[in-house]
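The values are calculated or read from the model by the stated rules, or taken from the named source; none is laboratory data. The structure displayed is predicted, hence computed values, not measured ones. Cβ placement follows ideal geometry from the backbone for every residue including glycine, while neighbour counts extend to all protein chains displayed.
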Amino acid sequence: MWNGPQPQSRVMRLQMVDRIVADVHRTYGDRLKAIALCGSLGRGTDGDYSDIDLWCVLSTPGVDEAKEWVYGPSKAEVEFYGEDVIRARAVEVPADWSLQQGSLINNRPLFGDLAFFAELRDLVMSPPKAVFDETIAEMVVGEFYEWMGKLRNGVARGELAFLPITTCNFTLHLALMAALLHRHIYSTSSALMKETLALPTLPNGYAELVALVTAGKLHDYAQTAAALEATWAGMGPWLAQHGIEFGKRNAWPWTETPLTS
């Protein structure tokens, strides 16, 4: 295993896919409703060192499990879902929605009714704006606000060794937020930054922040801190432009009542 991954042709990977599919059919029989090839191999963009990713849908309710193994030169992962589970998963809107739901949007059906694959794609895009807005608001208060507090503490104390990793996290999560805002599914995590910069709107300062991160120029702490501050300042107007409100996020969470003896 420790010599891998090793180079492998697409033909060899597809031969392994055929073997996996045959075993899945033999194991699950009539309970099997759908099989999809996803990841880079499903998109036809795989390279010499790419692995294999599939998901399968079973008629058995509640199934949610995965099998992952190294088969020699590379590895394979097969996820199994009950029909009820995958439909519920399709309408989820987590912070990493643009990556998590990619396998339901970008895949190559290998078995099953094509209408079912179309239904799943429609479900992914079906949640209303309010649901996406809520996830975005949670990200701002739960993560970005805290990162800015750590940044300002670090600047005040002259302790900024944490800044490179925090900057990478900030930049990545803002890319995820931008995708939520524009209902964009990234083709792959490795293309995320490039695709983010092509989205219709971004906060002021973010393109400059991405340039620092992708070039690895995070050693100048003063420059990096200034880039984070500029992007943070741009986030408020950007989100307001898209109707994201924070009213209840600024409200005291308990009803104030007079104290009684």
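Only one entry in Arg19, Arg13, Arg31 is in contact with a helix residue (DSSP H, G or I) (Cβ under 7 Å, 6 or more places away or on another chain) and of a type outside the set (Phe, Trp, Tyr), namely Arg13. In the set (1) under 22 Å from the mean Cα position of the chain (by Cα); (2) without any contact (Cβ under 8 Å) to a residue 12 or more places away in the chain; (3) more than 30 Å from Arg121 (Cβ to Cβ), Leu212 fails one condition alone, (2).
Restricting attention to segment 13-43, the residues being under 29 Å from Ile185 (Cα atoms) and either surrounded by 16 or more Cβ atoms within 10 Å (Cβ to Cβ) or touching a residue at least 24 places away in the same chain (Cβ under 8 Å) (or both) number 19. Only residues that are within 15 Å of the chain's Cα centre (by Cα), outside any helix (DSSP H, G or I) and not aliphatic (A, V, I, L, M) were counted across segment 98-153, and they come to 2. Contact map, segment 58-71: first residue assigned by TED's automatic domain parsing to the domain that holds Val17, second residue in a loop (DSSP other than H, G, I, E, B), Cβ cut-off under 7 Å, separation 6 or more or different chains; pairs are Val70/Met1; Val70/Gly4. Among the residues in segment 71-78, are any among the basic types (Lys, Arg) and more than 30 Å from Phe170 (Cβ to Cβ)? There is at least one residue in segment 71-78 that is among the basic types (Lys, Arg) and more than 30 Å from Phe170 (Cβ to Cβ).
Number of residues in segment 44-90 that are within 30 Å of Asn3 (Cβ to Cβ), β-branched (Val, Ile, Thr) and assigned to a loop (DSSP other than H, G, I, E, B): the value is 1. Within segment 51-75, the set of residues being over 19 Å from the mean Cα position of the chain (by Cα) and buried (at least 19 other Cβ atoms within 10 Å of the Cβ) comprises Cys56, Val57, Leu58, Val63, Ser74.
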